[in-house]
Amino acid sequence: MPELTIWYLFLLPLLLQEGFSYRCERRPYGSLTQPSAPDGRFKMVVEGADDSYMPDQLYIVKLTETDGESRFIGFMISAEGDIKQDPKNPRKIIALSPGDLRPQNLFTAKFSDRCLNSVEHASATPKSIVEVYWQAPSSGNGCVTLRAMVAENEEEWYEDGAPLSLKLCEDMRQPDDVTPQLNYECDICDEAKYELSFTGIWSRNTHPRLYPENDWIPKYSDLVGASHALDYFLWAPGSLATDGIKEMAEYTNTSKLELEIRQKIGDGARTLIKGKGHGYRKMNNPTYAFFRADKTNHLVTAAIGIHPSPDWFLGVSRFELCQKDNSWLPERELNLYPWDAGTDSGVSYESGNFPTFPQDSISRVQTSSYDKNSPFYEMDMKDLHPFGKLHIKLIKTYQKLCESEENKENQTEPSTDETTTTTSTTVTDETEEPGEERPSEPDEPSSEAPLVTDPESSEDCPMTQWMDWGPCEGSCEGSRVVGYKARERFHLVDGVAVEKYDPNVDPSTRKEVPRFCKNHYEDFERRECEDDCIDLKESNEVR
């Protein structure tokens, strides 16, 4: 008896594997013959896929003749998933999902009642081409093999072989706005200031199918987000949308979302990001916001609602700014594609209100939908234009001593060489800030304009008055510059302008701005502007 048990345990994995690899009988009805090897007159293709598939993508599978004259009366197309050992039980073999095959036209195809994950002919009329849908499996299911059987008549039929079998593996490439790999060991001492800009692309020209007829209806919500720590979640694929995300996605109302972020300032979130949304005639105008990041708060999450839509929005979730070499990401532009908040089941921009119950998790809006009422009907994700672009740009860094360096500074006085090096680094980081008044001679700090406290600033968070606006920067078109200008101000601590460059101040003795003041009072502004172009020749003559 023990010997039989041992043999059984030895053969069980082989039997299971054989069972999973078993293919059902695909012989044409009434046929008594064996299949012939494919002769190349019939082939199967998957539109938009070479040897890989995008997870959850809807594809059209075509079975067609190749010589212009051959016909077939019967067919079957089957999808087979990979098999692998169960990680929880190595003796067990599990089958991965092969996706979903379904008929496109019920007059020519039907679900097979003989084989799982298969579609076969609905009539025996001669045909030269047939098309069916294949919904690719979700991410993590490896490779899928599509197999076709083609019958010219009851006696002549073909299956398997290169023209009638295709193996497609998951395309590991991801859209730009998918969460990148996180850096759990970020060790940056310096803090950073970033500019976040959103530019809308959604329009009748780029997304013509079912675009709202009234051009004044489409609009974007305000750009709202936060810089935050690893343990904070504003929204993420696979999670349930908060009330704030729901209101933003369904009604482009960001008030509740902003409140949710404010309640977490200092408790996982650092900066509330806010930029003005645009509508009719300004849909493609960029909107700007600024935020800060540090060693703890080195992720950024943002969202923009689309109107009209069931519950769709654009954005990026938990985007990593701290690079593996412990430097700040200098710049990145992301293409944005629609996300579904999982709170409304409408399929098109102007669908009626149809609440999803129970609420579903946040996921990608189903592109390449097989629903003709969808704007993405039979549209490949790789061919879909982005709905907007998000531009992340590092504006400046603020030198901060690491904890180990602070302890060392407290124990020993800094040498002259260390002071010189630190000062040099500070100059490099901060001298490119727009509007900054830098002294012409380092030895004459008195040439700096005297500091004036802004009477409208808070007593708890005093600040200097705003400096003058910098020049209007942009391209010159028709003797006019259309672009942006910037200005800044500084936090005051004990009457000292913190983070304002002064060559006579030892960086190690600089004051620290309270976290509350940094989070609630901006020190940098940027606005749209328009001005006369400067004639470079005249400008040089004046100088």
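Just checking, does the range 99-110 include any residue being part of a loop (DSSP other than H, G, I, E, B) and touching a helix residue (DSSP H, G or I) at 6+ places or on another chain (Cβ under 7 Å)?
Kept after step one, since they are part of a loop (DSSP other than H, G, I, E, B), are these residues of the range 99-110: 99, 104-108.
Filter once more, so that each one left must be touching a helix residue (DSSP H, G or I) at 6+ places or on another chain (Cβ under 7 Å): none.
No - not one qualifying residue is present in the range 99-110.
Test of understanding: among Ile188, Ile201, which residue is of a type in the set (Val, Ile, Thr), within 30 Å of Cys402 (Cα to Cα) and touching a Phe, Trp or Tyr at 6+ places or on another chain (Cβ under 7 Å)? Steps first, please.
Details: Ile201 fails: within 30 Å of Cys402 (Cα to Cα).
From the options Ile188, Ile201, the qualifying one is Ile188.
Within the range 247-282, how many residues turn out to be touching a residue at least 60 places away in the same chain (Cβ under 8 Å) and either outside the structural domain of Gly305 (by TED's automatic domain parsing) or among the acidic types (Asp, Glu) (or both)?
Selection size over the range 247-282: 1.
Only residues that are among the hydrophobic types (A, V, I, L, M, F, W, C) and touching a residue at least 24 places away in the same chain (Cβ under 8 Å): list them for the range 344-361, please. Steps first, please.
Applying the first criterion (among the hydrophobic types (A, V, I, L, M, F, W, C)) to the range 344-361 yields 347, 354, 357.
Within the range 344-361, Val347, Phe354 meet the criteria.
Pull up the range 321-357, narrow it to residues that are among the charged types (D, E, K, R) and surrounded by 14 or more Cβ atoms within 10 Å (Cβ to Cβ), then point me to the one that is farthest from the chain's Cα centre (by Cα).
The initial filter retains those residues of the range 321-357 that are among the charged types (D, E, K, R), namely 324-325, 331-333, 340, 344, 350.
Of the ones still in play, those that are also surrounded by 14 or more Cβ atoms within 10 Å (Cβ to Cβ) are 332, 340, 344, 350.
Working: Arg332: 12, Asp340: 13, Asp344: 21, Glu350: 24 Å.
Going through the qualifying residues, I end up with Glu350.
Please work out if Leu164 is closer than 30 Å to Gly277 by Cβ and surrounded by 15 or more Cβ atoms within 10 Å (Cβ to Cβ). Even if it seems obvious, please write down each step before you answer.
Working: closer than 30 Å to Gly277 by Cβ: no; surrounded by 15 or more Cβ atoms within 10 Å (Cβ to Cβ): yes.
Criteria not met by Leu164.
Restricting the search to the range 75-109, which residues are free of Cβ contacts under 8 Å to residues at least 24 places away in the same chain and in contact with a Lys or Arg (Cβ under 6 Å, 6 or more places away or on another chain)?
If the condition is that a residue be free of Cβ contacts under 8 Å to residues at least 24 places away in the same chain and in contact with a Lys or Arg (Cβ under 6 Å, 6 or more places away or on another chain), then Asp86 is the only one that fits.
Counting just the residues of the range 292-338 that are of a type in the set (S, T, N, Q) and assigned to a strand (DSSP E or B), which one comes out modelled with the highest pLDDT?
If we filter the range 292-338 for residues that are of a type in the set (S, T, N, Q), which is where we start, we get 296-297, 301, 309, 317, 323, 326-327, 335.
Filter once more, so that each one left must be assigned to a strand (DSSP E or B): 301, 317, 335.
Details: Thr301: 96, Ser317: 93, Asn335: 90.
Restricting to residues being of a type in the set (S, T, N, Q) and assigned to a strand (DSSP E or B), the top hit is Thr301.
In the range 282-291, which residues are outside any strand (DSSP E or B) and under 19 Å from the mean Cα position of the chain (by Cα)? Walk me through how you get there before you give the answer.
Taking the range 282-291 as the starting set, the residues that turn out to be outside any strand (DSSP E or B) are 282-286.
Selection gives Pro286 alone.
Does any residue in the range 46-58 that is at positive phi come within less than 6 Å, Cβ to Cβ, of a residue that is outside any strand (DSSP E or B) and not basic (Lys, Arg) six or more places away or on a different chain, and which pairs are these?
Pairs found: Gly48/Asp380; Asp56/Ser138.
If you scan the range 204-226, which residues turn out to be among the hydrophobic types (A, V, I, L, M, F, W, C) and either under 23 Å from the mean Cα position of the chain (by Cα) or surrounded by 13 or more Cβ atoms within 10 Å (Cβ to Cβ) (or both)? Give the steps one after another, and end with the answer.
At the first step, the residues of the range 204-226 found to be among the hydrophobic types (A, V, I, L, M, F, W, C) are 210, 216-217, 223-224, 226.
Hits for the range 204-226 are Leu210, Ile217, Leu223, Val224, Ala226.
Restricting attention to the range 358-392, and to residues there that are crowded, with 21+ Cβ neighbours inside 10 Å and out of contact with any Phe, Trp or Tyr (no Cβ under 7 Å at 6 or more places or on another chain), which single residue is nearest to Asp176 (Cα to Cα)?
Once the filter is applied, the top-ranked residue is Phe376.
Out of the residues in the range 501-543 meeting the condition of being among the β-branched types (Val, Ile, Thr) and at pLDDT 60 or above, tell me which one is surrounded by the fewest Cβ atoms within 10 Å (Cβ to Cβ).
First, pick out the residues of the range 501-543 that are among the β-branched types (Val, Ile, Thr): 505, 509, 513, 534, 542.
If we keep only those that are at pLDDT 60 or above as well, we get 513, 534.
Working: Val513: 20, Ile534: 12.
Taking the candidates together, the pick is Ile534.
Within the bounds of the range 335-343, is there any residue that is in contact with a helix residue (DSSP H, G or I) (Cβ under 7 Å, 6 or more places away or on another chain) and either free of Cβ contacts under 8 Å to residues at least 12 places away in the same chain or within 21 Å of Lys274 (Cα to Cα) (or both)? Reasoning before the result, please.
So in the range 335-343, the residues in contact with a helix residue (DSSP H, G or I) (Cβ under 7 Å, 6 or more places away or on another chain) come out as 341, 343.
This time we only want the ones that are either free of Cβ contacts under 8 Å to residues at least 12 places away in the same chain or within 21 Å of Lys274 (Cα to Cα) (or both), so: 341.
For the range 335-343, residues in contact with a helix residue (DSSP H, G or I) (Cβ under 7 Å, 6 or more places away or on another chain) and either free of Cβ contacts under 8 Å to residues at least 12 places away in the same chain or within 21 Å of Lys274 (Cα to Cα) (or both): present.
Hey, among the residues in the range 32-88 that are of a type in the set (Gly, Ala, Ser) and farther than 21 Å from Asn117 by Cβ, which one's surrounded by the fewest Cβ atoms within 10 Å (Cβ to Cβ)? Steps first, please.
Of the range 32-88, the ones of a type in the set (Gly, Ala, Ser) are 36-37, 40, 48-49, 52, 68, 70, 74, 78-79, 81.
Next cut, farther than 21 Å from Asn117 by Cβ only: 36-37, 40, 68, 70.
On the way: Ser36: 13, Ala37: 10, Gly40: 13, Gly68: 7, Ser70: 15.
This residue is Gly68.
In the range 41-69, what residues are touching a Ser or Thr at 6+ places or on another chain (Cβ under 7 Å), at pLDDT 90 or above and not in a strand (DSSP E or B)?
Within the range 41-69, just Arg41 meets the criteria.
The values are calculated or read from the model by the stated rules, or taken from the named source; none is laboratory data. Since the model is a prediction, treat every value here as computed from it, not as a measurement. Cβ: placed from backbone, ideal geometry, glycine included. Neighbour counts: every protein chain shown.
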